[in-house]
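> Have a look at the structure that comes next, please.
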Amino acid sequence: MRRVRLCLVPAVLAWGFGALATALPEPAFAQERARPRSPAPANARLGFIDLANNARVPGKLTVRFALTGMDVAPAGPPQRNAGHHHLLIDTELPPLDQPIPSDFNHIHFGGGQTEAEIALTPGKHTLQLLFADHDHVPHNPPVTSEKITIEVTAEADEKPRSVAAPGARVFFVDLADGATIPTRSRIRFGAEGVSLTPAGTKSANGGHHHLLVDTELPPLDREIPSDFNHLHFGRAQTEAELTLPPGEHTLQLLMGDHDHVPHDPPLMSPRIKVRVVEGQQVASAVQPASPAGPATGKPALTPAPNDAVVYFVYPRDGDAIFPNTTIRFGLRNMGVAPAGVAKANTGHHHLIIDAPTPPLDQAIPADLNHIHLGGGQTERKITLPMGEHTLQLILADENHVPHDPPIMSERITVLVAPGGKRPVRRR
């Protein structure tokens, strides 16, 4: 899955050099001339989501960043009261008047990412977040998280496996063992006897595809890895554009449940061999969007990774919330960029309140039901009347137009109640 384009670098660095980082003395930073520092609001706060000090975690984990009082913007164009995240692993704070180093211990998220998948060696490690401006220089005053210590366990925990229906199967559509394909191909997935449901949505006899490239089957009682060889399609996609270098390769499909764990018995295709050759691209079954023109008057759609996901960090479906509540957004496998900033694989959030999903080939309206977060915000405080309400998130490009494919959350229902609690029924 394209998740690795955002997350694999810190994962590989931390995995390959985590032990080395803890063994070596703190790095001697090359001193440069002091750089001008961008001002930060006094109320800006930075921290980890659902990751506490002294937590015990698996070797591979997703770290999510919480930011309040400032906006997220990618490195490059300057923007007031904005910046991007840096994750410090097993190191102290660097000099605050110089650009943050980029090495094994200082992981940059200059694309505007708000989470990362990292892999660490067993043992204790320290993590700290440091926010920085367009030039990778910390703000004044610096916006940092608490420095926390985590302990990585030696083995991943086994997870319960969902039962697969008798006769269920997964397979490649129009792709046979021994096929010759070009370097850029569209691979289609088929399934029978199992419902296609997005990751995170628990459903009886449901799951989503994973494509294994040049690798053996992973352990079947654990979450399927997420890297260049294990591609996740967590939005229940049934096809993907795959780019491979010329030569011999192997492909295999493996279905995973809402937690990315294979079923029992596992639903997997035969492992096939393909020969990749230089040549023309395979035509997509889904035709690319046409540029805007007099015939349609609609803008061209910005492409998005197949595995990008936007979701609610808070609240969750069915939650009871206060009339005045801060809604927090999560984004996986893409970055956040403000409206008007054109950058590949980025966009900004839109919060849809008590309204159906708007047309996905037009700019999202801006009104009381369609809230634009064009500054790159990852949260929004809203006020709602008592009763039930629906919320949905849609990511859109620099022109407020949803991507292709659209990146949107499920529509959730929340109950606004006094004190943020559901009323107790008296018998």
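> Is it fair to say Asn54 is exposed (fewer than 15 other Cβ atoms within 10 Å of the Cβ) and over 18 Å from Asn140 (Cβ atoms)? Let's see the steps before the verdict.
Details: exposed (fewer than 15 other Cβ atoms within 10 Å of the Cβ): yes; over 18 Å from Asn140 (Cβ atoms): yes.
Considered against the rule, which asks whether it is exposed (fewer than 15 other Cβ atoms within 10 Å of the Cβ) and over 18 Å from Asn140 (Cβ atoms), Asn54 comes out as yes.
> Looking at Gly347, Gly318, Gly330, which is the one that is closer than 14 Å to His403 by Cα, at pLDDT 90 or above and not β-branched (Val, Ile, Thr)?
Result: Gly347 is the single residue among Gly347, Gly318, Gly330 that is closer than 14 Å to His403 by Cα, at pLDDT 90 or above and not β-branched (Val, Ile, Thr).
> Give just the number: which of (1) assigned to a strand (DSSP E or B); (2) modelled with pLDDT of 90 or more does Ala240 not satisfy?
Only one criterion in (1) assigned to a strand (DSSP E or B); (2) modelled with pLDDT of 90 or more is unmet by Ala240, namely (2).
> On to the next question. Just name the residue that is most open to solvent (accessible area, probe 1.4 Å) out of those in the stretch 365-381 that are within 15 Å of Ile352 (Cβ to Cβ) and outside any loop (DSSP other than H, G, I, E, B).
Step by step, filter the stretch 365-381, then rank; the result is Arg380.
> Could you list, in sequence order, the residues of the stretch 337-354 that are in a strand (DSSP E or B) and surrounded by 20 or more Cβ atoms within 10 Å (Cβ to Cβ)?
Within the stretch 337-354, Thr346, Gly347, His348, His349, His350, Leu351, Ile352 qualify.
> Kindly evaluate Arg222 against the criterion of being open to solvent by 10 Å² or more (accessible area, probe 1.4 Å), over 12 Å from Asp307 (Cα atoms) and in contact (Cβ under 8 Å) with a residue 60 or more places away in the chain. Show your work before the answer.
Details: open to solvent by 10 Å² or more (accessible area, probe 1.4 Å): yes; over 12 Å from Asp307 (Cα atoms): yes; in contact (Cβ under 8 Å) with a residue 60 or more places away in the chain: yes.
Spelling it out, Arg222 is indeed open to solvent by 10 Å² or more (accessible area, probe 1.4 Å), over 12 Å from Asp307 (Cα atoms) and in contact (Cβ under 8 Å) with a residue 60 or more places away in the chain.
> Taking the criterion of being within 16 Å of Pro36 (Cα to Cα), out of contact with any Leu (no Cβ under 9 Å at 6 or more places or on another chain), crowded, with 21+ Cβ neighbours inside 10 Å and charged (D, E, K, R), would at least one residue in the stretch 126-134 satisfy it?
First pass over the stretch 126-134, keeping only residues within 16 Å of Pro36 (Cα to Cα): 131-134.
Within this subset, residues satisfying the condition of being out of contact with any Leu (no Cβ under 9 Å at 6 or more places or on another chain) are 132-134.
Within this subset, residues satisfying the condition of being crowded, with 21+ Cβ neighbours inside 10 Å are 132-133.
From what's left, charged (D, E, K, R): 133.
So far as the stretch 126-134 goes, yes, one or more of its residues are within 16 Å of Pro36 (Cα to Cα), out of contact with any Leu (no Cβ under 9 Å at 6 or more places or on another chain), crowded, with 21+ Cβ neighbours inside 10 Å and charged (D, E, K, R).
> Then there's this: Scan the stretch 178-195 and give yes if some residue there is under 30 Å from Val57 (Cα atoms), touching a residue at least 40 places away in the same chain (Cβ under 8 Å), of a type in the set (S, T, N, Q) and surrounded by 12 or more Cβ atoms within 10 Å (Cβ to Cβ), otherwise no.
no
The values are calculated or read from the model by the stated rules, or taken from the named source; none is laboratory data. All figures in this text were calculated on a predicted structure; none of them were measured in a lab. Don't worry about glycine lacking a Cβ; one is built from the backbone with ideal geometry, like all the others, and counts go over all protein chains shown. All accessible areas refer to the heavy atoms of the entire protein, side chains included, with ligands and DNA or RNA removed. Shrake-Rupley method; radii C 1.70, N 1.55, O 1.52, S 1.80 Å.
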